[in-house]
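**Q** Below is a structure I'd like to ask you about.
The values are calculated or read from the model by the stated rules, or taken from the named source; none is laboratory data. None of the values given here were measured: they were computed from a predicted structure. Note: ideal-geometry Cβ built from the backbone for every residue, glycine included; neighbour counts use all protein chains shown. Ligands, DNA and RNA are excluded from the accessible area calculation, which covers all protein heavy atoms including side chains. Shrake-Rupley method; radii C 1.70, N 1.55, O 1.52, S 1.80 Å.
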Amino acid sequence: TTNTMISGGDHRAKLAMTPSDIRYVSTRVEKASTGHYIKPLIEKDNQKVKPFYTMDIETMVNPINNEQVPVFISFSGCKYTTFFLINKELDLSLGVTDLWSRFFESLIENVSGKTNTIFVHNLGGFDGIFLYKYLSSIYGNESLKTIIDDSNRFICISLKVEESEYVFKDSMRIF
């Protein structure tokens, strides 16, 4: 028997197993002793996969005050993929505001379902702070709902615009 420490973020588990307990079979892990295995996710008959989107924000350091500022936003999913780059012809502050304005304008224009799920890389940390700041400055706090954990990290930010809701979720907390 081998004791193996598995670590992922703040989660740790100690497993006692022998190498013969687990074998790898193409796209699944099968437990040899029982025959049980984890199957890849597949679509069930007559069930549509709910559409979802992904988003990521890239930053750079402002040389004047050493603060991170967003300079690039990527957005993808459901037949709509785009990216936004800061306009370097504008003053940095105006360029960042313009970047977010163009992103949200495009989002509202091109993604118009009743509920739209957007997984944001690092929403619970870095990217959530930028997203919330600009959502609240453009749409106001009354249009926003948030779920924040006990470490003050965003789990979810929801924006209601007319009949559509945009639900930004932390991609690190999908399941």
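**Q** With N residues in the stretch 90-175, what two-decimal value do you get for its Cα radius of gyration over 2.2 N^0.38 Å?
**A** Details: Rg = 12.9 Å, N = 86, 2.2 N^0.38 = 12.0 Å.
Here the Cα radius of gyration is 1.08 times the empirical estimate.
**Q** Take the solvent-accessible surface of the protein heavy atoms, probe 1.4 Å, and return the percent of it on the stretch 71-175 that carbon and sulfur atoms account for.
**A** The computed percentage sits at 53.
**Q** Give the residue list of trypsin sites (Lys or Arg not before Pro) in the stretch 80-134 that are DSSP loop and have at most 12 other beta-carbon atoms within 10 angstrom. Kindly include the intermediate steps, with their values, before the conclusion.
**A** Numbers: sites: LYS88, ARG102, LYS114, LYS133; in loops: LYS88, LYS114.
For trypsin sites (Lys or Arg not before Pro) across the stretch 80-134 that sit outside H, G, I, E and B with at most 12 neighbouring Cβ atoms in 10 Å, the list reads LYS88, LYS114.
**Q** What's the lysine pair count for the stretch 73-175 at a Cα cut-off below 24 Å, pairs eight or more apart or interchain?
**A** Lysine pair count for the stretch 73-175: 14.
**Q** Tabulate in residue order the Karplus-calculated ³J(HN,Hα) for the stretch 145-162, using 6.51 cos²θ - 1.76 cosθ + 1.60 with θ = phi - 60°, rounded to whole Hz; enter x for Gly and Pro.
**A** 10, 10, 10, 10, 7, 6, 9, 6, 10, 5, 9, 7, 10, 10, 10, 9, 10, 6
**Q** Using the heavy atoms of the protein chains alone and a 1.4 angstrom probe, what is the accessible area of the stretch 50-108 per residue in square angstrom? Mind dumping the intermediate values first?
**A** Values: 3620 Å² over 59 residues.
Roughly 61 Å² per residue, with all protein chains present.
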